[in-house]
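Inspection log for the structure reproduced underneath, given as structure tokens.
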Amino acid sequence: MAAHIIERPSGKHGSFYEIRYRRNGYDIAVSNKELKTAKAMFIEATQNLPPPESLAKNKFSFGSIADEWLKYKHGKVAEDTWKGYESQIRRFIPQKFKDKAIKSIRTSDIDELMNALDTPRKYEDMRTIFNSIFKYAKASGIVTYNPVEMIPFKRAERENRDRLTDGQVKTFITNLQTPIFDKIRNFAYVMYFFGLRPCEIDEEAHFENGFLICRNRKRKNGKKAYKKIPIPRQAQNLFDFNSPLKSPLSYDRTLDIMKKALPDGIIPYQLRHTFASVCDEKVKREVVELWMGDSPERLVGKTYVHYSDEFMRKEMDKVNFVVA
């Protein structure tokens, strides 16, 4: 092993010696103020090491770096986003690819895998994941270049969803009264009357002094922000205020049951479109944007203007939500 010896300053007049070796899968580092002692410590640290080929294969395979990247991202993105990353890596990257040494992966290897994906959205999502993993590996000194840079980014077209018509809303509200929707009724009402994202209807979502308060899950880098939305007058007699807003069922199961209450061809997320559209007809745009929680950084109200609770209630009273 050809180790690097680095003399580093310590205090006003002192120094210490760091000896390190980072190669072939090894990452050995020792330090001491005496060079002779540091050398002895380094030699001791090199005893009984596993063969370099086995260590490099395990530590620097694509799969191991992907796991390391997932660990790094946890807590820095919304939980549902993180779960999406984990699920896509598990489902769409073959084990044979994960077992490859990350240094040996070329642009053509990734391009071949990407071209096998069957939808534009999967292509977009997987390119983002590959690019992030290799950027992480490059920043960590594991690779010297990012093979994803040559692969073009193709943004998949988003399907615009319409708001529900008054008739569709009435059908939805009427269907929710039947017993099979008991467990998810509050959850469904929250999506319609408050326009929340499904991931925002969690343990933190609750009613307080005539408002619904929930975590804004659109924020990045782990920043916490909350939304405070007045309870619409049309919703007062529909909610079971003694039951939690979060569904006791899994996220996927809850949305599947909601689809049964909605007219054919309508998905639960269109309730968010409906809320935004209904409110925008009567309420100031910046207030609607605050309720939606899409762009908190650019809104004047985020920093300079603080609307009173009474003003917010008056704004919500202008809105006419359709009920059965």
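The values are calculated or read from the model by the stated rules, or taken from the named source; none is laboratory data. Source: prediction; values computed, not measured. When we count neighbours, we look across all protein chains shown, and the Cβ atoms used for this are built from the backbone with ideal geometry, even at glycine. These area figures cover heavy atoms from the full protein model, side chains too; ligands, DNA and RNA do not enter into them. Shrake-Rupley method; radii C 1.70, N 1.55, O 1.52, S 1.80 Å.
Using the Cα centre of segment 204-263 as the reference point, and only Cβ charges (+1 on K/R, -1 on D/E), how large is the resulting charge dipole? Debye, rounded to the nearest 20. Please report the intermediate quantities before stating the final value.
Values: 14 positive and 5 negative charges, 106 e Å.
That gives a dipole near 500 debye.
Each of the peptides 232-245, 128-141 was scored by the mean count of other Cβ atoms within 10 Å over its residues; in descending order, highest first, they stand as 128-141, 232-245.
If a/c stays under 1.5 just call it rounded; otherwise compare a/b with b/c (prolate if a/b is bigger, oblate if not). Do that for segment 69-201, with a ≥ b ≥ c from the square roots of the Cα gyration tensor eigenvalues.
On the way: a/c = 3.09, a/b = 2.37, b/c = 1.30.
Because a/c hits 1.5 or more and a/b exceeds b/c, segment 69-201 counts as prolate.
These residues, 4, 306, go from largest to smallest accessible area, 1.4 Å probe, as 306, 4. Per residue, segment 224-293 exposes 51 Å² of solvent-accessible protein surface, assessed with a 1.4 angstrom probe and all protein chains in place.
Which shape class, rounded, prolate or oblate, goes with segment 209-285 when its Cα gyration tensor gives a ≥ b ≥ c as root eigenvalues, a/c under 1.5 marks rounded, and past that a/b bigger than b/c marks prolate?
Values: a/c = 1.26, a/b = 1.14, b/c = 1.11.
It comes out rounded by the Cα gyration axes.
Leaving ligands, DNA and RNA out of it, report the carbon-plus-sulfur percent of the accessible area of segment 200-277 at a 1.4 Å probe. All intermediate terms of the calculation are to be shown ahead of the outcome.
Working: 1920 of 4180 Å².
Carbon with sulfur: 46 percent of the solvent-accessible area.
Cut-off 10 angstrom, C-alpha nodes, Gaussian network model of the chain. Which of 23, 197, 215 fluctuates the most? Looking only at 23, 197, 215, the biggest GNM fluctuation is shown by 23. The calculated FRET efficiency for residue 324 paired with residue 108, based on their beta-carbon distance and R0 = 45 Å, is about 0.20.
Within the listed set 33, 227, 96, the residue fluctuating most in the Gaussian network model of the chain (springs between alpha-carbon atoms under 10 angstrom) is 33.
Please state the relative contact order of segment 164-257 as a whole percent: Cα pairs under 8 Å, 6+ residues apart? Intermediate values should be presented prior to the final figure.
On the way: 92 pairs, mean separation 29.0, N = 94.
Value for segment 164-257: 31 percent.
Applying the Karplus relation 6.51 cos²θ - 1.76 cosθ + 1.60 with θ = phi - 60° to segment 146-154 yields 3J(HN,Hα) values of 10, x, 7, 4, 7, 8, x, 8, 10 Hz, where x marks Gly and Pro. Would you please classify the overall shape of the chain from the alpha carbon gyration tensor, given that a ≥ b ≥ c denote the square roots of the eigenvalues, rounded means a/c under 1.5, and beyond that prolate means a/b larger than b/c while oblate covers the rest? Because a/c hits 1.5 or more and a/b exceeds b/c, the chain counts as prolate.
What percent does the relative contact order of segment 1-144 come to when contacts are Cα pairs within less than 8 Å and at least six residues apart?
Worked out over segment 1-144, it gives 16 percent.
Can you check what the net charge comes to around residue 147, using other residues whose Cβ is under 14 Å from the Cβ of residue 147 (Lys, Arg +1; Asp, Glu -1)? Local net charge: +2.
Highest mean first, what order results for 187-194, 67-74, 120-127 on Cβ atoms within 10 Å?
187-194, 120-127, 67-74
For the chain, the relative contact order works out to 14 percent when only alpha carbon pairs closer than 8 Å and six or more residues apart are counted. Placing dummy labels 7 Å off each Cα toward the beta-carbon, the span from residue 116 to residue 149 is 2.7 nm. How far, in degrees from 0 to 90, does helix 62-73 lean away from the longest principal axis of the Cα atoms of the chain, to the nearest 10? That works out to roughly 50 degrees. Counted over the chain, the DSSP beta bridges are approximately 95% antiparallel. Between residue 13 and residue 161, the simple spin-label model (points 7 angstrom out along Cα→Cβ) gives 7.1 nm. Against the chain, whose longest principal axis comes from its Cα atoms, helix 166-175 is set at around 80 degrees.
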